[in-house]
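**Q** This is the structure I want to talk about, given as structure tokens.
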Number of protein chains: 2
Amino acid sequence: MLEKMFNAGSVAVIGASRTEGKVGNSVLKNLVNDFDGDIVPINPNSEEIMGLKSYPDILDVPDNIDLAVIVIPARFVPETIDKCGRAGVKSVIVISAGFKEAGVEGAKLERESVETARKYGIRMLGPNCLGLIDTTSNLNASFASFMAHKGNIGLMSQSGAICTSTLDWADKNRVGFSKFISLGNKADLSENDFLQELCNDDSTAVIAAYLEGVKNGPEFIDIARRVTSIKPVVMVKSGRTSAGSRAVSSHTGTLAGSDEAYNAAFRQSGIIRADSLQEMLDYIRAFSSQPVPEGKNMAILTNAGGFGILTADACYNEGLSLASFDESTIQALRENLPPNSNLYNPVDLLGDAGSDLYAFAIDVLLEDPHVDGIIVLTSPQAMTEVDKVAGIVADKVQTSTKPILCSFVGGTQVSEGERILNDYSIPNYPFPERAVASMRALSTYNYIRKQSYTKPPEITADKETVKSIIDEASQSKRLTLGLESLDILRAYEIPTVKTKIVKNLKEAIKACKQIGYPVVMKIVSPDISHKTDVGGVRLNLNNADDVERAYHTMMADVYRYMPDADITGVQVQEMVSGGKEVIIGMNQDVQFGPLLMFGMGGIYVELLKDVSFNVAPINRDEAKHMISSIKTYPILAGIRGEKPYDINSVADTLIKISQLVNDFPQILELDINPLVVLPDNQGCVAMDLRLTLREEE
Amino acid sequence: MLEKMFNAGSVAVIGASRTEGKVGNSVLKNLVNDFDGDIVPINPNSEEIMGLKSYPDILDVPDNIDLAVIVIPARFVPETIDKCGRAGVKSVIVISAGFKEAGVEGAKLERESVETARKYGIRMLGPNCLGLIDTTSNLNASFASFMAHKGNIGLMSQSGAICTSTLDWADKNRVGFSKFISLGNKADLSENDFLQELCNDDSTAVIAAYLEGVKNGPEFIDIARRVTSIKPVVMVKSGRTSAGSRAVSSHTGTLAGSDEAYNAAFRQSGIIRADSLQEMLDYIRAFSSQPVPEGKNMAILTNAGGFGILTADACYNEGLSLASFDESTIQALRENLPPNSNLYNPVDLLGDAGSDLYAFAIDVLLEDPHVDGIIVLTSPQAMTEVDKVAGIVADKVQTSTKPILCSFVGGTQVSEGERILNDYSIPNYPFPERAVASMRALSTYNYIRKQSYTKPPEITADKETVKSIIDEASQSKRLTLGLESLDILRAYEIPTVKTKIVKNLKEAIKACKQIGYPVVMKIVSPDISHKTDVGGVRLNLNNADDVERAYHTMMADVYRYMPDADITGVQVQEMVSGGKEVIIGMNQDVQFGPLLMFGMGGIYVELLKDVSFNVAPINRDEAKHMISSIKTYPILAGIRGEKPYDINSVADTLIKISQLVNDFPQILELDINPLVVLPDNQGCVAMDLRLTLREEE
């Protein structure tokens, strides 16, 4: 798709400069240094720059130009793109700043730039970016200080500085990239485009991204879900917190989605979320050179007990297991390791272990069918041959089908060992916890790649009814709907409580008979929110006499507590007992659209925030995961010999709500609170509804 | 106290060797390299080693020896210590391994060594350790590869390898130590001794430790509490998890306490717990050179928006705030920063910021009274003068009374800047999150140093009664006590439910009258644990008629459900309503003794593990902290306009239980479940008790 951007045969630099320190100079220099194709400087005042023939205008260039890199002031960019279009340029990179990030004027220029590009079918990277690097085609169309090393990591970043720092970090640590993309303002091309591009790119084995937001949430999930089934994707999403979000909006004008939505979207689409840049870089080094483990059982190999313990702690924290070794492994270790060594996991070779012992132990552990991967620790003790151990690991990695990650812990004395490991692209981490976290990322991907995604099922629904309820409410400016709109749920075949709102005792008795005893009676008044507090709720009414008595005493109580309340009616409903109360909710997220929530009911759980989120639409697996991932799930599943509740019916309801909020984007928020889940095979019942519609714009 | 160990005037090396690679050679070499006092090699086969006169036996040395470093096989150590005693040696370091960590034989040798040392009043470090380093007296009595740099960090480690790796790390990062102690098996001297020693040591500003366990928990808390009021203490405790614990016991034979106990003990004594070695080293660099901030309001200064956001995220995660700048600060920034800079927090100087702009901004931010500390970020962008920025920071740090931490993010291009910062001991972190976490550690210590500790109050208690109940139970081998032993709680003036166990209806009616209506009636049978399930509980009995009816129907129901159950009686108790159920418990921790637990009652909270722990004895502040630190605390404090419950009475009960379990160490476990907390000023009532006694040994 972006063939003419990454594999451009000819590149023009519009705003090329011979003045050192200018961006137009750096970009041209970078191209001249590495690129094999045609390079054409464009500058109104020069005929030649860096030995290349220069043209005053892109329209003057006689040859075809695949890619134009634009480094002129923002106000000239739209017309320049127009010229590019007329000149037949296929794609542009706008490095210049002064667009959306600079305010209203800039935003206008950005819109004009995109519109112009689209008119000519030109794809545009940026504006306000560092450019891009493709090490396969030796294209450095950026003002980075140097060319990236060749490698198999495809990286994109919404922050130019994070590109710069990462390139510099990679230079020191000898980490290589296939493609390196500074996304800038993402006016046209965004993470969605490059995710696909990098997925299709044979030279890319792992995809990494620093994002401050995504441009099109639902599309992002669709694309990422497909990409992650083929290649691992690791991302940092910043602006996680309210404090951070403030900084985002003043930085690139991106509207940050809520962090719950990002967590859900990343999880649902199989993206491994890194909590920091350090974590992302740690993980992608592992993905870049090591195979994905087939399971979670790790062997720890150490020459120091203390580091063994720290690493075992970290495995536990990260959800990895310490492998239980095969009998033959223990036998082999026993025969060859010195007397006081620990033969079990972590295998402690002791402080005077030479490199031969490491070599032997690595071989034995790799052969053990119960071992899915190895973490090799080295502390530079008196006898330690750090460099040789590094060499041994480098050797073993060549033929290993299991991942090996290292942590050589120290400074001066381990630097040569680090260098050797870097030379062979073997991930080494300065502290063991980081090796373990990276191993966990590999192991997580093993799970992700094995998952298969099924589309959400088709839901039978009477959409006409919902549409008419919503239309009517919108027209009469009633944006908040309640119990009276349970027909919305019924239209999606969600079981709802039998209920009626009546005006007097006679109607009440009639309604109760229709609903069937026992019933519950509640006061209806716009002035009363906590009905129980004013005596406005009567439970367990078994016959007409009960109803009559309850009706009168309730009215009397309510009058006593709130004599001025406007009583609009009385609600009678069937009494549902023997169930557990849960909540199903939905909120429209700015970036991902409808975000579903599931949780147990009650104030404890509210305080403890024991809820789960997923972006709609969801399939059955996702619905079940939402239910089972709350901590109080055992209560629903049947704890201590209690019978389980009807979890399937909750999953059904989640899927139906997912479909409802997708069908009707006018629904801004929705709460079914409570949904009563009955014992297994008895279904569930929506007891109340609160639904808010968007204000029409 | 350990004057003759750290400031020894003369040191003997017992087992000194001229053979390269031997530990006895390394130790002697290290002493020769740096130490100014007398050095005496002891070796039966040499008359001179490294130009020093050597003696065959410590008893042959004519001069006084302050410190003997022992590096001979374990089996000779006890008799050698005896000789040291006779020779008037003041203290010994046993480097040799082969003691408790090697098995039963070794453990015996270790006991003998300690006993011998004690006989002569000799203090002993080790065995199975690397030795110690004192940079003030230039004493390197270890087999480390090189001498530590001079500095103000006092470090001890239970793992020799972690000593080695840390020294090596410190060499590369130019971090200095005052004292560096390898604790080994802690047969005599332990963390408790060195905590005090380092606290009294003027050259030590911050204390760090890697521990796998503590030797005497209660003493540890007492000492640490005093030390942390004077100097910051940062510790890693490994073997946190069950996986890790297994590794501990096979490593040094230390019995690891439960992690909850360590968390509680560290928190109660003001120790800052680091989650990894990396964190500990990050934190102590900050403490080593930077002042402690007076508050939590941080300024972030950056030349890159993306890093600003990541850092703001991290501040939020760590509980630090972004300072709201003074009007004058914003004014000054506005006048001097380029147009598109962000003047608010994080202050973004933009990618082309020179060092002058950094200097200006740091000055302005340091002057702002709302700023408690600054995090300076640098990404090596095109125009960035990384080295100069480092120089600027070095300059500003000299006079600043507020902490400044740096994160220069990159690799090759930032290394010179890093070197400059290291030269000036300015903490620099490769990624901003680590700078923020370290700033949080500084800020936490600001809170710790301002706390004052009050001893637990005196409790009036009828200890005789408790003693006789416990003695009687022990004698009759009844190790589990229940409701019948509520007198134990009454003896400590803990309000308990009025209850009686009766044998027949007549007694029941009499007892109910004494207790006062309404009452509750429960079946008592060793065969019935879930009373409600068999109809064995009757609530809300208001008069003798109710009691009679309930008695008969209960008996009939129980008989129907469990005809073979042995019914030993009926329990009647007052009906307590209108309260919240909480749990107070105690478990004996192996290392810290009684560990108190507090939590809300109910299955939700049980699943959600919403409980808090403290090591007993606790004072009122600690009791209140236990109560307020659970997440469901708002329910007790009064949520949504509900009335608060009597939290003071819960605190009283916690303090009384703390006293009880301290007075009677025979109590192995105790649960008051539930304790019903009544509305404010109405107290609380222990409804049930389960108490387990230790088996007599």
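The values are calculated or read from the model by the stated rules, or taken from the named source; none is laboratory data. Please read all numbers here as calculations on a predicted model, not as lab measurements. Using ideal geometry, Cβ is built from the backbone for each residue, glycine included, and neighbour counts are taken over all protein chains shown. Heavy atoms of the whole protein, side chains included, go into the accessibility calculation; ligands, DNA and RNA do not. Shrake-Rupley method; radii C 1.70, N 1.55, O 1.52, S 1.80 Å.
**Q** Residues in region B:1-16 that are open to solvent by less than 10 Å² (accessible area, probe 1.4 Å) and either part of a helix (DSSP H, G or I) or within 14 Å of chain A (Cβ to nearest Cβ) (or both): how many?
**A** Number of matching residues: 2.
**Q** Just give me the residues in region A:419-428 being in contact with a Cys (Cβ under 9 Å, 6 or more places away or on another chain) and part of a helix (DSSP H, G or I), in sequence order.
**A** Within region A:419-428, A:421 is the sole residue that qualifies.
**Q** Also, I was wondering about something else. Of the conditions (1) among the aromatic types (Phe, Trp, Tyr); (2) away from chain B (no Cβ under 11 Å); (3) closer than 27 Å to residue A:149 by Cβ, residue A:429 satisfies every one except a single condition; which number is it?
**A** (2)
**Q** Mind checking whether some residue in region B:334-356 is small (Gly, Ala, Ser), assigned to a helix (DSSP H, G or I), at pLDDT below 95 and surrounded by fewer than 20 Cβ atoms within 10 Å (Cβ to Cβ)? Explain how you work it out, then say what you get.
**A** From region B:334-356, those small (Gly, Ala, Ser) are B:341, B:351, B:353-355; that's our starting set.
With assigned to a helix (DSSP H, G or I) added as a condition, the list becomes B:355.
Filter once more, keeping what is at pLDDT below 95: B:355.
In the following step, the residues that additionally are surrounded by fewer than 20 Cβ atoms within 10 Å (Cβ to Cβ) were identified as B:355.
Yes, region B:334-356 contains at least one residue that is small (Gly, Ala, Ser), assigned to a helix (DSSP H, G or I), at pLDDT below 95 and surrounded by fewer than 20 Cβ atoms within 10 Å (Cβ to Cβ).
**Q** Another question, if that's okay. Limited to region B:382-397, what total is found for residues that are farther than 14 Å from residue B:302 by Cβ and without any contact (Cβ under 8 Å) to a residue 60 or more places away in the chain?
**A** First, the residues of region B:382-397 that are farther than 14 Å from residue B:302 by Cβ: B:382-383, B:385, B:387-388, B:390-392, B:394-397.
So of that shortlist, the ones also without any contact (Cβ under 8 Å) to a residue 60 or more places away in the chain come out as B:382-383, B:385, B:387-388, B:390-392, B:394-396.
Summing the residues that are farther than 14 Å from residue B:302 by Cβ and without any contact (Cβ under 8 Å) to a residue 60 or more places away in the chain in region B:382-397 gives 11.
**Q** Mind listing whichever residues of region B:61-78 are open to solvent by 70 Å² or more (accessible area, probe 1.4 Å) and in contact (Cβ under 8 Å) with a residue 12 or more places away in the chain?
**A** Of everything in region B:61-78, those that are open to solvent by 70 Å² or more (accessible area, probe 1.4 Å) and in contact (Cβ under 8 Å) with a residue 12 or more places away in the chain turn out to be B:63, B:64, B:75.
Per-residue answers, yes or no, for (1) in the same structural domain as residue B:308 (by TED's automatic domain parsing); (2) open to solvent by 30 Å² or more (accessible area, probe 1.4 Å); (3) under 24 Å from residue B:279 (Cα atoms); (4) not in a helix (DSSP H, G or I):
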position: B:364; (1), (2), (3), (4): yes, no, no, no
position: B:392; (1), (2), (3), (4): yes, yes, no, no
position: B:407; (1), (2), (3), (4): yes, no, yes, yes
position: B:417; (1), (2), (3), (4): yes, no, yes, no
position: B:430; (1), (2), (3), (4): yes, yes, yes, yes
position: B:435; (1), (2), (3), (4): yes, no, yes, no
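**Q** Looking at B:145, B:137, which one is open to solvent by less than 30 Å² (accessible area, probe 1.4 Å) and not β-branched (Val, Ile, Thr)?
**A** On the way: B:145 fails: open to solvent by less than 30 Å² (accessible area, probe 1.4 Å).
Of B:145, B:137, the one residue that is open to solvent by less than 30 Å² (accessible area, probe 1.4 Å) and not β-branched (Val, Ile, Thr) is B:137.
**Q** Applying the selection to region B:304-318, what residues are more than 7 Å from chain A (Cβ to nearest Cβ) and either of a type outside the set (Gly, Ala, Ser) or not in a helix (DSSP H, G or I) (or both)?
**A** B:311, B:318
**Q** Does region A:46-59 contain at least one residue that is in a strand (DSSP E or B) and open to solvent by less than 10 Å² (accessible area, probe 1.4 Å)?
**A** Yes; the residues of region A:46-59 include at least one that is in a strand (DSSP E or B) and open to solvent by less than 10 Å² (accessible area, probe 1.4 Å).
**Q** In this structure, does residue B:658 turn out to be in contact with a Gly (Cβ under 7 Å, 6 or more places away or on another chain), buried (at least 18 other Cβ atoms within 10 Å of the Cβ) and of a type in the set (S, T, N, Q)?
**A** So residue B:658 fails the test.
**Q** Go through region A:81-107 and report how many residues are touching a helix residue (DSSP H, G or I) at 6+ places or on another chain (Cβ under 9 Å), in a helix (DSSP H, G or I) and within 29 Å of residue B:306 (Cα to Cα).
**A** 7
**Q** Next up: In region A:480-509, how many are under 22 Å from residue A:547 (Cα atoms), assigned to a helix (DSSP H, G or I) and open to solvent by less than 70 Å² (accessible area, probe 1.4 Å)?
**A** Total satisfying the criteria: 4.
**Q** Turning to a different aspect of this structure: Which residues, counting only those in region B:331-345, are in contact with a Leu (Cβ under 7 Å, 6 or more places away or on another chain) and within 12 Å of chain A (Cβ to nearest Cβ)?
**A** Within region B:331-345, B:338, B:340, B:341, B:343, B:345 meet the criteria.
**Q** Can we say residue A:124 is under 24 Å from the mean Cα position of the chain (by Cα), within 21 Å of residue A:96 (Cα to Cα) and in contact (Cβ under 8 Å) with a residue 24 or more places away in the chain?
**A** Against the criterion (under 24 Å from the mean Cα position of the chain (by Cα), within 21 Å of residue A:96 (Cα to Cα) and in contact (Cβ under 8 Å) with a residue 24 or more places away in the chain), residue A:124 does not qualify.
**Q** Being touching a strand residue (DSSP E or B) at 6+ places or on another chain (Cβ under 8 Å), more than 9 Å from chain A (Cβ to nearest Cβ) and open to solvent by 10 Å² or more (accessible area, probe 1.4 Å) narrows it down to one residue among B:321, B:328, B:288; which is it?
**A** Only one candidate qualifies: B:288.
**Q** Check region B:620-628 and report whether any residue there is within 14 Å of chain A (Cβ to nearest Cβ) and at pLDDT 95 or above.
**A** Yes, there is a match, as at least one residue in region B:620-628 is within 14 Å of chain A (Cβ to nearest Cβ) and at pLDDT 95 or above.
**Q** Still on this structure: Filter region B:625-648 down to residues that are open to solvent by 50 Å² or more (accessible area, probe 1.4 Å) and within 19 Å of the chain's Cα centre (by Cα), then give me how many there are.
**A** Residues flagged as open to solvent by 50 Å² or more (accessible area, probe 1.4 Å) and within 19 Å of the chain's Cα centre (by Cα) within region B:625-648 amount to 2.
**Q** Also: I'm told residue A:695 meets every condition in (1) touching a Gly at 6+ places or on another chain (Cβ under 8 Å); (2) assigned to a loop (DSSP other than H, G, I, E, B) except one. Can you identify the failing condition by its number?
**A** Of everything listed in (1) touching a Gly at 6+ places or on another chain (Cβ under 8 Å); (2) assigned to a loop (DSSP other than H, G, I, E, B), residue A:695 misses just condition (1).
**Q** Does region B:108-128 hold any residues that are part of a loop (DSSP other than H, G, I, E, B) and open to solvent by less than 10 Å² (accessible area, probe 1.4 Å), and which are they?
**A** B:122, B:126, B:127
**Q** Which residues, taken from region B:199-214, are at pLDDT 95 or above, open to solvent by less than 10 Å² (accessible area, probe 1.4 Å) and assigned to a loop (DSSP other than H, G, I, E, B)?
**A** Residue satisfying the conditions is B:204 alone.
**Q** Just checking, how many residues over region A:590-607 are open to solvent by less than 20 Å² (accessible area, probe 1.4 Å), out of contact with any Pro (no Cβ under 6 Å at 6 or more places or on another chain) and within 14 Å of another protein chain (Cβ to nearest Cβ)?
**A** So the answer is 3.
**Q** For a quick check of your reading of the model, give me the residue pairs whose first member lies in region B:370-381 and is crowded, with 24+ Cβ neighbours inside 10 Å, whose second is of a type in the set (Phe, Trp, Tyr) and not in a strand (DSSP E or B), with beta-carbon atoms closer than 7 Å and at least 6 apart or on different chains.
**A** B:377/B:307; B:379/B:307
**Q** Continuing with the same structure: Considering only residues that are out of contact with any Phe, Trp or Tyr (no Cβ under 9 Å at 6 or more places or on another chain) and within 9 Å of chain B (Cβ to nearest Cβ), look in region A:248-278 and name the one that is modelled with the highest pLDDT.
**A** A:275
**Q** Same structure, new question: Could you list all residues from region B:60-70 that are among the aliphatic types (A, V, I, L, M), closer than 16 Å to residue B:117 by Cα and over 33 Å from the mean Cα position of the chain (by Cα)? Lay out the reasoning, then the answer.
**A** At the first step, the residues of region B:60-70 found to be among the aliphatic types (A, V, I, L, M) are B:61, B:65, B:67-70.
Of the ones still in play, those that are also closer than 16 Å to residue B:117 by Cα are B:65, B:67-70.
Scanning region B:60-70 gives a single hit, B:65.
**Q** Mind counting the residues in region B:152-185 that are surrounded by fewer than 24 Cβ atoms within 10 Å (Cβ to Cβ) and either outside the structural domain of residue B:199 (by TED's automatic domain parsing) or within 21 Å of the chain's Cα centre (by Cα) (or both)?
**A** Residues meeting the conditions: 0.
**Q** Filter region B:437-454 down to residues that are among the aromatic types (Phe, Trp, Tyr) and part of a helix (DSSP H, G or I) and give me whichever is farthest from residue B:376 (Cα to Cα).
**A** Selected residue: B:447.
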